[in-house]
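Beneath this line is the structure, given in structure tokens, with notes to follow.
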Amino acid sequence: MGYRFRPEGQLISSLAAGFPATTTTVLVAASLLPLTFNRVGVFRMVLVARGASSFQFKDTAGNNISAIYTLTAAGSTVTLDTPINGDPWWMTGPNFTSPNNPIGVGLSMAVGAAIVDADIWFAFGA
């Protein structure tokens, strides 16, 4: 799975509401139908905190797929562009450390104490 030179990603945006301080499903598993063997990869992201907070990506089965990242104050920003090799930053589904994580699940983001605003580009792959 990887990005090519033509646009393949789809955008998830928090728009004006932001992602609240809870675990929010940003991409439901039903979006993966009829290819339920698909995995979701996060390729690009711009995230800005409205206050001191944290965030972590999870799959919709509750498995962690990223570390917990701390945002120290309002205006703390994380900007990620597509890696030069075209691989995603994070991906749902099985991996070497947690081979029992399911495939065909959606993507969630757990946010700490304050709302964060984010634009997240994702793509499907096997």
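Just a few scattered comments:
- Count - residues of the stretch 63-95 that are small (Gly, Ala, Ser) and either buried (at least 17 other Cβ atoms within 10 Å of the Cβ) or in contact (Cβ under 8 Å) with a residue 40 or more places away in the chain (or both): 4
- Applying the condition of being surrounded by 10 or more Cβ atoms within 10 Å (Cβ to Cβ) and modelled with pLDDT of 85 or more to the stretch 1-14 and asking which residue is nearest to Leu27 (Cα to Cα) yields Ile12.
- Exclusive hit being part of a strand (DSSP E or B), at pLDDT 95 or above and surrounded by 18 or more Cβ atoms within 10 Å (Cβ to Cβ), set Phe122, Phe55, Phe43: Phe55
The values are calculated or read from the model by the stated rules, or taken from the named source; none is laboratory data. Keep in mind that what you see is a predicted model, and the values were worked out from it rather than measured. Please note: Cβ atoms are built from the backbone with ideal geometry, for glycine as well, and neighbour counts cover all protein chains shown.
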